[in-house]
Amino acid sequence: MRPLAALAFVSVLLLPSFTESKSGGPPGFVRVSGEKVLDGAGEPLVLKGFNIALKDFRETLGEADIKRIADTGANSIRLVLEYRQLESSPFAYDEAGFSLLDAIIAWCEKYKVYLILDMHLAPGIQNPHDFVVHREQSYRFWRETRYQERFYALWTAIAKRYAQRKIIAGYDLLNEGTAPGVVQYLKVMNTAVRKIRAHDGNHILIVEEAVLPDRSKRLLPIEDDNVFYSIHFFYPPQFTFYTTTRERPITRYPGKMVTSGEAIGIAESERLRGSREWRRVTIQAMPPEGAKILRVILSSNEPRGTVWFDDVVLEADGHAVDLPAPLVANNSFEIDYPGISWESRGSCGRVDATSARSGRHAIVFSQCAGRGSVLSSPIAVEPGAYTLSAWVKTDGARGDNRLVLSWHKRKTLASFNKMTLRERISYALRFKSRHRVPIYVGEFTAHANPTPDSANNYLKDILDIMESTGLHWSYWTYYSEYPGIGIYTGNDPYLARPDSLHVLQRYMPRSESTN
C-alpha cells in the first residue's frame, strides 16, 4: 500500500463511526444507541422538558418547582449554569454553588426527572449575542487559551463530582458557541470530551451546533460514541423572542409578520417647555383612513434644557393598551432587561434614574444635538378614538418637545406556517438521518404575543414536527421574572401562561421507566 493511501486508510479508521447501532454508554445510565436514547434499563427514552436556571434557585425557586415540573409530565430539565456560579476564582470552585447544584440533583432523583447540565456561560464568554454578554461587554473565550483551560477544568471538576449520578442524563458542553471557524470549534469540543472522559465514561455528552461568524450554524461530528447533537430553534426570532427583541413586528401565526410602513399622518401635542413640575399632557385623535399601524413617539429637539416623560398611557376606544407593544406594561420604563424597552432614535433619548414621577425611571432628553425620539413597538390599529397621555417635566427646556401618535400603513415582512418551520429545521433532520444520531432541540420558545393564540398555534406546530421526527426537546423557559417569557413568573412563582403549558403537556407524557 502506498504511503498516502495508507495514511488515508488510517485516517478513516480514526474517524468516529455513526453507522453502528451499538450503545455508547454503560448500562444503568442514560445513553445513546444509534438514533435512539436509552434509559438506564435499556428502554427507548425521549427527553422532553423545560429549561430552568440555577441562578433562580438562589432566591425564588426550590424543591416545589422540581415537583411541579414532574407533575406537568416532563421527564427532564436542562439546567442553565454560569461559570460564575461554580467558580470562585480561576481554577478554584465555589462550594456553595456546587452545594446548590447537589440539592437540585437530589430533588431530581426524588421526583424522577432527568437532568442535563448546560454550560450556558463559559469563562471568557463564548458568544457575542447572549444578553449576559451584552452586560459583560466581553467575548474572549475563543481568542485566549487561558479561558479555554478554565472551561476544561470546570468540566473536569463537574465530571469528577457527578460521574456516578444516574439521574444526570448528560452534559451540554457549551451553549451557543460562536467560534471563528469549524476547526477551532472542533478542537475545543474534542478537548473538552477528552478531559471529561478521563473521569466520567458514563454520561452522554451533548454537542451543540457551532455558530459561525456569518451567523450560519453547523452540526459537527466529534470523537465520541455516546453523543447527543443539539440545536436551538428560534425561528423567526422576531416572533419567538417577541418580548426581548428590539425589533417587534406583529405576527399572526400562521400568517403574516407586519410592521409600520409608510407614515400617513400624525397627531401631536403642543410644544412642551418651561415647567419644572410634573404635569399631565393629553392628546386625542381618530386614525386616518388607511391607518393599520400606530407608533407612540416621545420626541425632543432640546439643545439646552432637559425634559422627562413618564407614565405613558394609551387608550383605544376607552380601553387601555399596554406599551411598548400591546404586551409588556412598561409605560413607566421600570423593566430593566435588554429588548424590553422602547426603540431609541438619535443619541439623546435614554432611560434615566435621576428623576421619575413614579417608580425609579423615566425617559429623559438632554442637550440634543438634533432631534431625538423614543418609539413604542408597532401596534395594530383598532376602530375608534385614541387617547394618549403622559406626565412631563421640563427644566430650562425651550426646544421642540412633543408627544406624538404616528399612523402608518402596514408593511408585510414575511409569512410563516408549519411548512416554513419544517423547512427551517430540515438541516438537523438531514444530519440525524445521515449520521444516525439523536437530535436534541435544547431550546425553543414562543413568547406571549399581541395576536391572540399565535404563540400557542406556533407551539402546536413545532411540537408536532418534533414528535413526528423523533426529536428530543426542552422548552425555554419554565421560569422568568419578566412577563411574557416564562411559563411561571413572579417572586412567588405563579402560572402565567396556562394555555401554553397545556399545549406542552399534550406532548410530554412521562416514561414509566425513569430511574
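The values are calculated or read from the model by the stated rules, or taken from the named source; none is laboratory data. Since we're looking at a predicted model, the values are computed, not measured. As a convention, Cβ positions derive from the backbone with ideal geometry for all residues, glycine included, and neighbour counts pool all protein chains shown.
Side notes on the structure shown:
- Meets criteria (buried (at least 19 other Cβ atoms within 10 Å of the Cβ), under 24 Å from V258 (Cα atoms), touching a strand residue (DSSP E or B) at 6+ places or on another chain (Cβ under 8 Å) and at pLDDT 85 or above) for L388: yes
- Matching residues, segment 48-62, being of a type outside the set (F, W, Y), out of contact with any Pro (no Cβ under 9 Å at 6 or more places or on another chain) and either over 17 Å from N491 (Cβ atoms) or not assigned by TED's automatic domain parsing to the domain that holds L86 (or both): G49, N51, L54
- Top-ranked residue of segment 209-234 - restricted to ones that are hydrophobic (A, V, I, L, M, F, W, C), outside any strand (DSSP E or B) and within 23 Å of the chain's Cα centre (by Cα), ranked as nearest to M466 (Cα to Cα): F234
- With respect to the conditions (1) in contact with a strand residue (DSSP E or B) (Cβ under 8 Å, 6 or more places away or on another chain); (2) at pLDDT 95 or above; (3) surrounded by 19 or more Cβ atoms within 10 Å (Cβ to Cβ), Y494 falls short on a single one, namely (3).
- Whichever residue in segment 252-280 is of a type in the set (D, E) and out of contact with any strand residue (DSSP E or B) (no Cβ under 6 Å at 6 or more places or on another chain) and, among such residues, is surrounded by the fewest Cβ atoms within 10 Å (Cβ to Cβ): E277
- Some residue of segment 80-96 being more than 28 Å from V211 (Cβ to Cβ), of a type outside the set (G, A, S) and touching a His at 6+ places or on another chain (Cβ under 7 Å): no
- Here V364 meets each of (1) within 20 Å of R271 (Cα to Cα); (2) out of contact with any Gly (no Cβ under 8 Å at 6 or more places or on another chain); (3) not polar (S, T, N, Q) with one exception, condition (2).
- Failed item, numbered, when I167 is tested on (1) touching a residue at least 40 places away in the same chain (Cβ under 8 Å); (2) out of contact with any Cys (no Cβ under 8 Å at 6 or more places or on another chain); (3) not hydroxyl-bearing (S, T, Y): (2)
- Listed by position, the strands (runs of 3 or more DSSP E) inside segment 1-114 whose residues that are at pLDDT 95 or above, loosely packed, with under 14 Cβ neighbours inside 10 Å and of a type in the set (S, T, N, Q) number at least 3 form an empty set.
- Flag if I283 is more than 16 Å from P378 (Cα to Cα) and surrounded by 17 or more Cβ atoms within 10 Å (Cβ to Cβ): yes
- Residue match in segment 411-429 (condition: assigned to a helix (DSSP H, G or I) and of a type in the set (F, W, Y)): yes
- Contact annotation: residue pairs with Cβ atoms under 6 Å, 6 or more positions apart or on different chains, pairing a residue in segment 248-263 that is in the same structural domain as R295 (by TED's automatic domain parsing) and farther than 19 Å from N417 by Cβ with a partner that is of a type in the set (V, I, T) and buried (at least 19 other Cβ atoms within 10 Å of the Cβ), are S260/I293.
- Some residue of segment 144-155 being crowded, with 20+ Cβ neighbours inside 10 Å and closer than 25 Å to W473 by Cβ: yes
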